[in-house]
Amino acid sequence: MAQFIRYHLFLAFLISRNSETCINQNMYKHIPSEKLFISEPNPAWFGNPANKDAKVNWLKSRFHFSFAEYQDPLNQKFGVLRVMNDDLVQPQRGFGTHPHQNMEIVTYVVNGEVTHKDSHNNQETLGKGSIQYMSAGSGVQHSEFNDSKDTPVRFIQTWITPRKLNTPVQYGSYKGVEGQALNKWFHLVGDVQRKDYYKNLNQNPAAFIDQDANFFVSEFTDEITFDLKENRMGYLLCIEGQFNLGDLQINQYDGLKFYEPITLKPQIKSHIIIVEQYQKILYFINLFLFSLIITHFSSIKNDDFNLLKSQIIMGNNCMSYKQQTEKEIVVSFRSRQSRFASKISERSDISNLQIPEKTSFENLISIKEMEEQASENNSSDVVIEISKKLSPTKSDHNTKNINTRFLMMIE
């Protein structure tokens, strides 16, 4: 009984702190820029030379959700919006070739130019107001670089969880036009399954993704209203400028979660991007059912509780977990470039870990159970042991340096 109460008190805490619906909440939530995590990674991590100016790092990123070295279990995502990074890359610097899988990736260029190259022979340079879309699907490697000799590039990179996994890789882009979003909503990205719906509304998104989500941008000097429909929710990023939402002042770099139509009154010319999506009303039901399943694990140990908490926080659907005599716990490790995971049968018994004979990246990603997201909380020791098994010639592994041939990329 004590264990039952423990789990459900924790579930109640989540409902009050990590809701993705507007039930018992204000209709919007302000995320001031000072609350964002700022990342300035070592240039060598992405194949860059040392910084030219010791006071200016090659990259400055503002993370709106957990990413890379920033991990907050209460800020993992917003519906299908998994990542929103506001990146500023200095001239002649960039992200070296790195992998992605099973994610819809949209990059919106604010200023400057970014050059994309990938393993499917796509290469393109895009400037202000442009978008680059990549459905990473079954797996792709790409690089993003600022070829300019003197101009930084700023872009907003957004990751959206796809409807289906391991789909064919796709690439697309749109070249921005001056004035395309001046005092109006410009529909950047739409749902590929709703093309007829957009046509009936005389809307023409510049690109399409495989998810029920839409991207809009606006550069406005006059009052503007975003008419959010019923059972929808949105995430807004103030790219530039300053405006008011009622009595609330929104400044550059701020974020905003909202669940009803909003009217924005600019104090100066402002530039914003909105990701709009379906509101998952059944989110709490999945959490509740999953918590009930947990209580039926008769031999659950205290040191596993944090791992299970992380699964609940991330909102994994309870139907993805099987009631078995032997627990199945997914352990993950976050690297700077991507996220990886591997499966263990019992956390307290690493010796029973079954490693496929062929320990290639392709083999690891075929493990069905690895389709779900996981958390690294309290799992560093396990990750080290897994990496040693997958690469017995390595020793004294540092968890920050584990790469794709050790662990499976899950996003």
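Some observations on this one:
- Within segment 123-159, tally of residues that are of a type outside the set (A, V, I, L, M), under 21 Å from residue 190 (Cβ atoms) and not in a strand (DSSP E or B): 3
- No other residue among 223, 230 is open to solvent by 50 Å² or more (accessible area, probe 1.4 Å) and free of Cβ contacts under 8 Å to residues at least 24 places away in the same chain apart from 230.
- Residue that is surrounded by the fewest Cβ atoms within 10 Å (Cβ to Cβ) [pool: residues in segment 233-257 that are among the hydrophobic types (A, V, I, L, M, F, W, C) and within 18 Å of residue 160 (Cα to Cα)]: 256
- Number of residues in segment 90-100 that are touching a Phe, Trp or Tyr at 6+ places or on another chain (Cβ under 7 Å) and open to solvent by less than 10 Å² (accessible area, probe 1.4 Å) equals 1.
- Checking residue 69 against (1) of a type in the set (Asp, Glu); (2) crowded, with 19+ Cβ neighbours inside 10 Å; (3) modelled with pLDDT under 95, the condition it does not meet: (2)
- Every condition in (1) surrounded by 17 or more Cβ atoms within 10 Å (Cβ to Cβ); (2) within 18 Å of the chain's Cα centre (by Cα); (3) in contact (Cβ under 8 Å) with a residue 60 or more places away in the chain holds for residue 74 except the one numbered (1).
- Verdict on residue 103 being touching a residue at least 40 places away in the same chain (Cβ under 8 Å) and open to solvent by less than 30 Å² (accessible area, probe 1.4 Å): yes
- Residue 268 vs. criteria within 24 Å of residue 62 (Cβ to Cβ) and surrounded by fewer than 19 Cβ atoms within 10 Å (Cβ to Cβ): yes
- Every test in (1) in contact with a Pro (Cβ under 6 Å, 6 or more places away or on another chain); (2) modelled with pLDDT under 95; (3) not in a helix (DSSP H, G or I) is passed by residue 297 save one, and that test is (1).
- Only one of the numbered conditions (1) surrounded by fewer than 16 Cβ atoms within 10 Å (Cβ to Cβ); (2) in contact (Cβ under 8 Å) with a residue 24 or more places away in the chain; (3) among the hydroxyl-bearing types (Ser, Thr, Tyr) is not met by residue 119, and that is (2).
- Unique residue being within 24 Å of residue 180 (Cα to Cα) and touching a Pro at 6+ places or on another chain (Cβ under 8 Å) when the list is 57, 111, 51, 85: 111
- Residues that are β-branched (Val, Ile, Thr) and either out of contact with any Phe, Trp or Tyr (no Cβ under 8 Å at 6 or more places or on another chain) or assigned to a strand (DSSP E or B) (or both) were ranked within segment 175-215; the one that is most open to solvent (accessible area, probe 1.4 Å) is 177.
- Residue count, segment 43-61 (criterion: open to solvent by 40 Å² or more (accessible area, probe 1.4 Å) and touching a residue at least 60 places away in the same chain (Cβ under 8 Å)): 1
- Qualifying residue in segment 204-212 (condition: free of Cβ contacts under 8 Å to residues at least 12 places away in the same chain and over 24 Å from the mean Cα position of the chain (by Cα)): no
- In summary, residue 147 fulfils each of the numbered conditions (1) over 30 Å from residue 228 (Cβ atoms); (2) open to solvent by less than 40 Å² (accessible area, probe 1.4 Å) with the single exception of condition (2).
The values are calculated or read from the model by the stated rules, or taken from the named source; none is laboratory data. Note that the structure is a prediction, hence the values are computed from the model and not measured. Here Cβ is always computed from backbone atoms with ideal geometry, including for glycine, and neighbour counts include all displayed protein chains. The accessibility values were calculated without ligands, DNA or RNA, using every heavy atom of the protein model including side chains. Shrake-Rupley method; radii C 1.70, N 1.55, O 1.52, S 1.80 Å.
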